[in-house]
Amino acid sequence: MNTPERTAAAPSADAEKHATRTAVIARQLDQIAPGTVRVRTAPVRTDRDGEQQLTTWVALADALDGPVKADRDAHRAARGLLLRMFPAADWTRPQVYDAITGALAVDTPVMPEELRR
């Protein structure tokens, strides 16, 4: 009996573009702060000398969600990279970028299941 060979579907252009973009961002994040897999940003309002200013808090995390040691310039560079790669994102809201999946999402706090009871 002849059975037709199944070939894997060719990746769509969008999927290939996403994979390439994800790899580029991951490589650049690792150059900025080795071990970085997750970047969290949050807008923060500060009062400096009676004047309100909007700044951005940036946290770099490893694959286990532990903090990555990095200086201020590295945090600034990681934020700048994401701003350039995702210009249409709403940066007035907290965001989280996952370098493994390439996903940028609004970072909403989640209550642990054991606290919901």
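The values are calculated or read from the model by the stated rules, or taken from the named source; none is laboratory data. Note that the structure is predicted; figures quoted are calculated from it, not measured. Backbone-built Cβ (ideal geometry, glycine too); neighbour counts: all protein chains shown. Just so you know, the surface numbers come from the protein's heavy atoms only, side chains and all, with ligands and any DNA or RNA stripped out. Shrake-Rupley method; radii C 1.70, N 1.55, O 1.52, S 1.80 Å.
Quick rundown of the values:
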quantity	calculated
Residue count, segment 28-49 (criterion: polar (S, T, N, Q) and either out of contact with any strand residue (DSSP E or B) (no Cβ under 7 Å at 6 or more places or on another chain) or more than 23 Å from ILE100 (Cα to Cα) (or both))	3
Test result for ARG76, in contact (Cβ under 8 Å) with a residue 40 or more places away in the chain, within 27 Å of THR20 (Cα to Cα), in contact with a strand residue (DSSP E or B) (Cβ under 9 Å, 6 or more places away or on another chain) and surrounded by 12 or more Cβ atoms within 10 Å (Cβ to Cβ)	no
Meets criteria (open to solvent by 100 Å² or more (accessible area, probe 1.4 Å) and among the aliphatic types (A, V, I, L, M)) for VAL110	yes
Residues (surrounded by 11 or more Cβ atoms within 10 Å (Cβ to Cβ) and at pLDDT below 85) located in segment 1-24	PRO11
Count - residues of segment 25-58 that are modelled with pLDDT of 95 or more and farther than 20 Å from TRP91 by Cβ	7
Members of segment 50-73 that are in contact (Cβ under 8 Å) with a residue 12 or more places away in the chain, loosely packed, with under 14 Cβ neighbours inside 10 Å, touching a strand residue (DSSP E or B) at 6+ places or on another chain (Cβ under 7 Å) and closer than 22 Å to THR101 by Cβ	ASP65
